[in-house]
Amino acid sequence: MDTTASCSLPDAWPEPVVPVQSLSEAGVSAVPPQYIKPPQDRPVLPAPSLDVPTVDVAAFLDLDGAAAACAAAEQLKNLAEACSKHGFFQVVNHGVQASTVERMRGAWRRFFALEMEEKKACSNSPSAPEGYGSRAGVEKGALLDWGDYYFLNILPREIKRRNKWPKSPHDLREITEDYGRDLMNLCEVLLKAMSLSLGLGENQLHAAFGSDDGISACMRVNYYPKCPQPELTLGISSHSDAGGIAVLLADDRVKGTQVLKGDTWYTVQPIPNAFLVNVGDQIQIISNDKYKSVEHRAVASSDDARFTVAFFCNPSGNLPIGPAAQLVSSQSPALYTPIVFDEYRRFSRRRGLKGKSQLEAMKNSKIAQVELIAYRDAQINLRNLFTSDKN
């Protein structure tokens, strides 16, 4: 979600927002029409399972001695293969304490168990996306996903609004703060490892993201209620992540994350005590397509509700992102024109959740530049109108 373009977004959703949890708990026997996906987008259930590549983060934390260096080299090779062939991997021995993870799960499960009116008091809007919500797009009459969420900004500090975080449960804010700090530390390690695995300097991706003063992070806590007809809908539609890397805490009880390989959707088999890491569009751009962002989605379940936490590590919003110079040559020309991350994020949101269409559009420079120029002009006109109204 974009938090930087509030002047160009409406203050209210195009239709009244109905939390999906309220529909599920009311005992609806059929999925309402606005949640039914076109036949080509509906999941085939059950889907085949997929074992996800594993990276041992401990190898990047202790580099003393020849044996440690050998272990790190092996894991860098695993990381490079996972990012280039799959676009996702699971991390183990990642340094995040199991107690921190369980406290996070417990606090947010208690939040989603609160009375509906208490949750709705935290509702978000298109112009203020932080908070409790059930939709992301602003198109009137759009098909909806079978899921609710809570969105929070983590970094940079100037856009972090702890007063937008739930007051109840009483310990949720502190727990979320601790979890966010640990996940950011993990992302710092992964960025360095990815940078080395691409043959770049250890800190090059970190610098491209804006370094300590500019790097951004946000979190989306997802709640997918029990669904009467999961074969007709999706918990969240197919998409790739617009940012850098996404670290997903999967549900420890109910599977539902799917990734696309070829023409087949596979259900991910989470490893206990691991995180699932997705390569985002900005890493694909910087790597000049050596690494691939992954198209993924979430399915609903008729057996039980499902809960996940997605942590996003992204570039600074005002930095242009383009292919790293070391990865461009006459044999491997630049596939992307540099674009400021906030513009790309708004561009992606405008197109909606449609697989990797926003990234593919950027490769066709004529289409991308025409769309971006039209979009920038529209933003300038809206800002001018907004400013004149204020005066």
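A compact table of results
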| item | result |
| --- | --- |
| Residues within segment 52-64 that are more than 21 Å from the chain's Cα centre (by Cα) and open to solvent by 50 Å² or more (accessible area, probe 1.4 Å), tallied | 4 |
| Top-ranked residue of segment 95-134 - restricted to ones that are out of contact with any Asp or Glu (no Cβ under 7 Å at 6 or more places or on another chain) and among the aliphatic types (A, V, I, L, M), ranked as farthest from D178 (Cα to Cα) | M116 |
| In segment 302-318, the residues that are over 10 Å from the mean Cα position of the chain (by Cα) and open to solvent by less than 20 Å² (accessible area, probe 1.4 Å) | R306, F307, T308, P315, S316, G317 |
| Residue list for segment 13-50, restricted to those being assigned to a loop (DSSP other than H, G, I, E, B) and of a type in the set (S, T, N, Q) | S29 |
| Residues of segment 113-141 that turn out to be over 13 Å from R220 (Cβ atoms) and either part of a helix (DSSP H, G or I) or at pLDDT 90 or above (or both), as a count | 11 |
| Boolean, I175 is closer than 13 Å to M104 by Cα, of a type in the set (A, V, I, L, M, F, W, C) and either in contact (Cβ under 8 Å) with a residue 40 or more places away in the chain or surrounded by fewer than 14 Cβ atoms within 10 Å (Cβ to Cβ) (or both) | yes |
| Residue match in segment 312-332 (condition: in a helix (DSSP H, G or I) and either of a type in the set (D, E) or at pLDDT below 95 (or both)) | no |
| Residue count for segment 51-87, restricted to those that are in a helix (DSSP H, G or I) and not small (G, A, S) | 12 |
| The one condition in (1) assigned to a loop (DSSP other than H, G, I, E, B); (2) open to solvent by less than 10 Å² (accessible area, probe 1.4 Å); (3) within 25 Å of A274 (Cβ to Cβ) that E202 fails to fulfil | (2) |
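Results for (1) closer than 19 Å to R306 by Cβ; (2) open to solvent by 10 Å² or more (accessible area, probe 1.4 Å), shown as yes or no for each residue.
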| site | (1), (2) |
| --- | --- |
| K164 | no, yes |
| I215 | no, no |
| Y224 | yes, yes |
| C227 | yes, no |
| L232 | yes, yes |
| A242 | no, yes |
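Residue by residue, here is whether (1) surrounded by 14 or more Cβ atoms within 10 Å (Cβ to Cβ); (2) under 20 Å from M184 (Cα atoms) holds:
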residue: A30; (1), (2): no, no
residue: P38; (1), (2): no, no
residue: A68; (1), (2): yes, no
residue: K77; (1), (2): no, no
residue: C83; (1), (2): yes, yes
residue: H94; (1), (2): yes, yes
residue: T100; (1), (2): yes, yes
residue: W108; (1), (2): yes, yes
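The values are calculated or read from the model by the stated rules, or taken from the named source; none is laboratory data. Keep in mind that this is a model prediction, so the values were computed, not measured. Neighbour counts are summed over all protein chains in view; Cβ atoms, including those assigned to glycine, are modelled from backbone coordinates with ideal geometry. Calculation scope for accessible area: heavy atoms of the full protein, side chains included, ligands and nucleic acids excluded. Shrake-Rupley method; radii C 1.70, N 1.55, O 1.52, S 1.80 Å.
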